[in-house]
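> One structure, pasted below without further comment.
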Amino acid sequence: MSTTDVKQAVQDRYGKAALRVVEGEASCCCGSKKAVALGANDPITANLYTDDQAAQIPETAVLASLGCGNPTALAQLHEGETVLDLGSGGGIDVLLSARRVGPTGKAYGLDMTDEMLALANSNKEKSGLANVEFLKGEIERIPLPDNSVDVIISNCVINLSADKDMVLSEAFRVLKPGGRFAVSDVVTRGEIPADVRRSVELWVGCIAGALDEQDYHARLAKAGFENIGFEPTRVYKVEQAREFLDGQGIDVEAIAPLVDEKFMSAFIRATKPV
């Protein structure tokens, strides 16, 4: 797929996801059906946030969560800091971060999908938080000045970009010296045949372009980051994708030895040198 095709496919998927949340909320209010989180039964997206975290933010922010991790649980955030969430979706990680940095801090969310931005701004209004701002734009071209952000978070969005080097370069640019890169993302570990990789990536994230852990490390270093580390948070087995892969006409038993425990969600840390 071309860069344009990937971008359009991601916009379509997440735009429709946002509309499903809005329609589910409306139906729920009318009593016709119960709103259900988009990834409620998904081994990648389910049960990422604690009940205490969910209680701090509007239900529609939780329902719209389609990430593979919980960067706000693992990132160190301090009072008064400025945080930027790349690919902020319905705003769940932005709102949680805004509470942690407090009224003297600021939490930005960046997204390119109009429907998700509308949902995020609605969630902002419901939350009553004044230190939140959602920006329209692409993570390859961040609409913030150099050296303006203390922490960059992201929840399984960088893997969707067709130009990851540009994303990492932009993240480095907007971080202040000493700033932290603290994202959840899908990565792979070890060699995977190309045709098998494409099939499993369809399951992992629709248009996922997961980097190998060593490749990701090298790209972060090339962008200028140091103190790079990977912490697996969920390791996936092909059995979890059986229903999806069977529907694609793929022999699950045959590919299992080639795939099991090679795809994972990981928390990735790095810092911009002082």
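Coordinate-derived values only; no laboratory data. None of the values given here were measured: they were computed from a predicted structure. Note that we place each Cβ from the backbone using ideal geometry, even for glycine, and neighbour counts take in every protein chain shown.
> Given the convex hull over the Cα atoms of region 65-164, what projected area results after averaging over all orientations, in nm²?
Details: hull surface 23.9 nm².
Across all orientations, region 65-164 yields a mean hull projection of 6.0 nm².
> Right, here's the next one. Report the label-to-label distance for Ala256 and Ala218 in nanometres (one decimal), using points 7 Å from each Cα along the Cα→Cβ vector.
3.3
> Taking the Cα centre of region 78-156 as the origin and placing charges on Cβ (Lys, Arg +1; Asp, Glu -1), which of Thr82, Asn155, Ala130 is farthest toward the positive end of the dipole?
The one lying farthest along the dipole's positive direction is Ala130.
> Scan around Asp260 for amide H atoms under 5 Å from its own, H built in the peptide plane at 1.01 Å from N, and keep only partners 5 or more places away or cross-chain.
Val238
> How would you order 93-104, 132-143 from highest to lowest mean count of nearby Cβ atoms within 10 Å? Present the calculation step by step, with values, prior to reporting the outcome.
Values: 93-104: 21.8, 132-143: 17.5.
In decreasing order of mean packing, 93-104, 132-143 become 93-104, 132-143.
> Still on this structure: May I ask which of Lys16/Lys176; Lys16/Lys106; Lys106/Lys262; Lys106/Lys272; Lys106/Lys136; Lys126/Lys272 have a Cα-Cα span longer than 27 Å here? Walk me through the intermediate numbers first.
Numbers: Lys16/Lys176 35 Å; Lys16/Lys106 29 Å; Lys106/Lys262 37 Å; Lys106/Lys272 20 Å; Lys106/Lys136 17 Å; Lys126/Lys272 35 Å.
Beyond 27 Å: Lys16/Lys176; Lys16/Lys106; Lys106/Lys262; Lys126/Lys272.
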